[in-house]
Amino acid sequence: MKLRKLSAVMMAAILATSSPVSSYLGEITAFAKKDEDEDEKDYSIGDASWDTTEDSDGKTHVYATWSEASDKSTGTITIYVDDKNRTSDATSGSISASTTSGKKELTSYIKKINRTGEYTFKITAGKKNKGEDEKSSSESDVLEVDSDFLKSLASSSSSSSSSSSSSSGSSSSTPGRSSSSSSSSTPASGSSPADAMNGGSQNSSQNSSQAPNQESTSRDQWQNWAPYGWVYIENGIPVTNRWVVESDGKWYHIGTNGFMDVDKFVDDEYGHHYVGADGALMY
C-alpha cells in the first residue's frame, strides 16, 4: 500500500513539472523577472550643456550634450529662447534623442528658430527610474546667440524638416535636382537626399501619391519613390541593409526594406548610430 502511495506521489510530481500549467507558470516567472530587471534600469541624465564647433568651412555646429544614462530610453529636448519655449518654431513635433547618446546636433533647429537671445535647452528622459515620481531631466547653461552667430551656422545634416517633405517631388527625380530632371540622369556630384531636402527644388507637376517608378537603370543613383521614400539604385537594383556614402562625405543607411532610414537609430557591426530627418549620419 505504501509503495502504491509513493508511486502516485511521484507520478503527480512528474505530471506537474511536464504539464501546460507548469509551462505557463514558468512563463509568468520569466515575465516577472523581466519586469524586475526593467525596474532596476537607470535612465538618469544630467550635466546638460551647449557645445559649439567649427567645420573646415568655418561654419558653426551647435550640439546639446549631457551625461549619458546607464540605460537607453528615448529622451525629449526642448529649446528655450529668453526662457520661452521655441521648439515649435523649429519642428512640428518634439526633438527626440537617446538618453545614452549624450549628444545631439541642434544647428538646424536653431536656424529654424532664427532668433537672437539667450538659448537654453532641457532634456527629459522618456522613462522614470524605479521609486521616482518624475522623469530624470537636466537644464543647460546659456548660449548667447546674436545675428552674427546665426549667420555663421552651418547647413547641418540635422534637418528639422519632416522626412515626408523629401517625397513631395517626382517619384523618379534625382536628389538635389529639380523634378524636371530625367530619372535616368546621373546624379550631380555630391547630390543626395539631404541636398534635396535642404535646398534642392522638389516642386512637381506629378501626383506625389503615384506608385514608385521601378524602371531598371544601369547607373548608380538615388531615386525618390514618392510617397514611400528614397532608394539607392546600384547596377539597376535597389540596395538594402547597407550604408551609402556620397562624394561630399555624407553617409546614408538603407534599411532592409530598401528605403533610406530617417530620424532613427541604426545599429550595425560598427556600433550605435543616429541618422537625421534628411537621412544623413549624425553620429
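Under 25 Å of direct C-alpha separation, and excluding same-chain neighbours fewer than eight residues apart, K41 reaches these lysines: K33, K72, K103, K104, K122, K127, K128, K130, K135, K264.
Using heavy-atom solvent-accessible surface (probe 1.4 Å) with all chains present, what is the largest-first order of V245, V231?
Descending order: V245, V231.
Taking a ≥ b ≥ c as the square roots of the Cα gyration tensor eigenvalues, with a/c under 1.5 meaning rounded and otherwise prolate when a/b beats b/c, else oblate, which class fits the stretch 34-158? Verdict is prolate for the stretch 34-158.
The values are calculated or read from the model by the stated rules, or taken from the named source; none is laboratory data. It should be emphasised that the depicted structure is a prediction, and the values quoted were computed from it without experimental measurement. Each accessible area value is taken on the protein alone, full model and side chains, heavy atoms only, with ligands, DNA and RNA left out. Shrake-Rupley method; radii C 1.70, N 1.55, O 1.52, S 1.80 Å.
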